[in-house]
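Chemist: Here you go, one structure.
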Amino acid sequence: MRLHAALLCTATLIGGAARAQVVTTPAERTIRTTKAEVVSLAVAPKGDRLLVGLNKGAEVIDLESGRKVFTLPYAEDGGSAAYYVAFNDNGEYAVLIGHSGKRVVYSMKDGKPQPSLQQHRWVPDPRATKAMGLDMANSTFDRFYQQGELKHEGHTLRAVKNGTVEVVGDDGKVLQKLEFPENKDQHHRAPLLAWQGKLLVGTDDGRVLLYALP
């Protein structure tokens, strides 16, 4: 089991084995979605579902079983990538936003799109989506990663090329790297999400890996 997990991710400690890991490796769990690039992540308020934004729409995954609950298409202005995903406060709805800033809301009861956004005031408005870097001026070939960096107990976790994740100390030095040999796209930037003592990392082939954050 340990060998299998090691094949999914290579962790490198910088500066010697005596330095404690900031992210505990190997990954405790791997969730597999459709084989597509993972570009955004969100966990439902109840902690029961994972929303995975892909370069081809999004998928809702049951966190306990790892099984797919819904497939959520996204095809706005010639783009299909859901670069920003989120649940509302009670988890009844989810929003997908792509390169153009266009917003699509889905019901989490039946997985169907909502015809109107007027009642969904929790959804970022056009000005907010433009501030994210998502607006009509963007090329469909451009990529916009919204979860490329996070803070954890004085450390910065950041996504860099080839899907690698670096752990940086307050002195700016790289303390640890999470590397993913199975990634094929050198331009992939892994979306990062900290949730209940876990680090969630998305790969370019549809995997979401869960690590312990000590």
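The values are calculated or read from the model by the stated rules, or taken from the named source; none is laboratory data. No experiment lies behind these values; they were computed from the predicted model shown. Note: ideal-geometry Cβ built from the backbone for every residue, glycine included; neighbour counts use all protein chains shown. Surface accessibility is based on the protein's heavy atoms, side chains included, excluding ligands, DNA and RNA. Shrake-Rupley method; radii C 1.70, N 1.55, O 1.52, S 1.80 Å.
Chemist: Across the range 1-33, which residue is nearest to Val167 (Cα to Cα) among those that are at pLDDT 95 or above and either open to solvent by 30 Å² or more (accessible area, probe 1.4 Å) or over 21 Å from the mean Cα position of the chain (by Cα) (or both)?
Modeler: Among those that are at pLDDT 95 or above and either open to solvent by 30 Å² or more (accessible area, probe 1.4 Å) or over 21 Å from the mean Cα position of the chain (by Cα) (or both), it is Thr24.
Chemist: On to the next question. If I go through the range 35-57 residue by residue, how many of them are over 22 Å from Leu150 (Cα atoms) and part of a strand (DSSP E or B)?
Modeler: The number of residues fulfilling the criteria is 1.
Chemist: Could I ask something else about it? How about the range 116-127: which of its residues are loosely packed, with under 13 Cβ neighbours inside 10 Å and in a helix (DSSP H, G or I)?
Modeler: Arg127, the sole residue that qualifies.
Chemist: While we're here: State yes or no: is Gln147 part of a loop (DSSP other than H, G, I, E, B) and closer than 19 Å to Ile61 by Cβ?
Modeler: Considered against the rule, which asks whether it is part of a loop (DSSP other than H, G, I, E, B) and closer than 19 Å to Ile61 by Cβ, Gln147 comes out as yes.
Chemist: Scan the range 75-86 for residues that are closer than 14 Å to Tyr106 by Cα and within 16 Å of the chain's Cα centre (by Cα) and report the count.
Modeler: Step one: list which residues in the range 75-86 are closer than 14 Å to Tyr106 by Cα, which gives 75, 82, 84-86.
After this cut, where a residue has to be within 16 Å of the chain's Cα centre (by Cα) as well, the list is 82, 84-86.
Adding up the residues that qualify gives 4.
Chemist: Yes or no: Glu153 open to solvent by 80 Å² or more (accessible area, probe 1.4 Å) and at negative phi? Talk me through it step by step, then tell me what you get.
Modeler: Values: open to solvent by 80 Å² or more (accessible area, probe 1.4 Å): yes; at negative phi: no.
So Glu153 fails the test.
Chemist: Just one of (1) farther than 17 Å from Leu193 by Cβ; (2) at pLDDT 95 or above trips up Val39, so point out which.
Modeler: (1)
Chemist: I'd like the residue in the range 102-115 that is modelled with pLDDT of 95 or more and not charged (D, E, K, R) and, out of all such residues, is nearest to Gly47 (Cα to Cα).
Modeler: The qualifying residue nearest to Gly47 (Cα to Cα) is Met108.
Chemist: Would you call Phe141 hydrophobic (A, V, I, L, M, F, W, C), within 22 Å of Val85 (Cβ to Cβ) and open to solvent by 70 Å² or more (accessible area, probe 1.4 Å)?
Modeler: yes
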